[in-house]
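Student: Below are the structure tokens for one structure; questions will follow.
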Amino acid sequence: MLQSVLRWLRRRSFREGSTLSRFVARDVRREVLVVSAARVEEGVITARIRTTNLLYVARGLAPQPEFEPPRELAIEELWKWSGQNWGGLPDGTSIVEHNRGGRSKP
């Protein structure tokens, strides 16, 4: 019974053409544009992803990114964030470190 409810929820949430959005860190929002939901029953979708550090964009430190090219993704991996919980960049650094050429202190 539980499995059928979960499948129904996945089919409803991950419809082709829909855009899902969620914060993956305090100032980082990930948007998922579903291209194909043909394998949603298996837990896989084809989607384009855009991950935006809203603080960087609002302050003019980084441009608004475009969606990545479409690729197959496991639904359980969509909202995983590899960076720090305070945001920053996916590799765990900040834009300040990148602007200074990798140095964390002046």
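Any read-out appearing in this document is the output of simple, stated calculations on the displayed coordinates, not a laboratory observation. Everything numeric here is computed off the predicted structure, so don't read it as measured data. Virtual Cβ from ideal backbone geometry, glycine too; neighbours counted across all protein chains shown.
Student: Over the stretch 2-81, what is the mean sequence separation of C-alpha contacts under 8 Å (at least six apart), divided by residue count, expressed as relative contact order in percent?
Tutor: Working: 127 pairs, mean separation 20.5, N = 80.
Normalised by residue count, the contact order of the stretch 2-81 is 26 percent.
Student: Less than 15 Å from a label point 7 Å out along the Cα-to-Cβ axis of Ile49: which backbone N atoms in the stretch 20-34 qualify, by residue?
Tutor: It comes to 20-25, 28-34, nothing else.
Student: Could I ask something else about it? Just to confirm the number: angle between the C-alpha axis of helix 2-13 and the first principal axis of the chain, 0 to 90 degrees, nearest 10?
Tutor: Helix 2-13 and the main axis of the chain meet at about 60 degrees.
Student: Which ³J(HN,Hα) values, rounded to whole Hz and listed in residue order, are derived for the stretch 62-76 from phi using the Karplus coefficients 6.51, -1.76 and 1.60 in 6.51 cos²θ - 1.76 cosθ + 1.60 with θ = phi - 60°, glycine and proline given as x?
Tutor: 8, x, 5, x, 8, 5, 5, x, x, 8, 7, 9, 6, 4, 5
Student: Using a Förster distance of 22 Å, how high is the FRET efficiency between Glu66 and Arg15, based on the Cβ-Cβ distance and rounded to 0.05? Walk me through the numbers before you get to the answer.
Tutor: Values: r = 22 Å, r/R0 = 1.01.
The formula returns an efficiency of 0.50 here.
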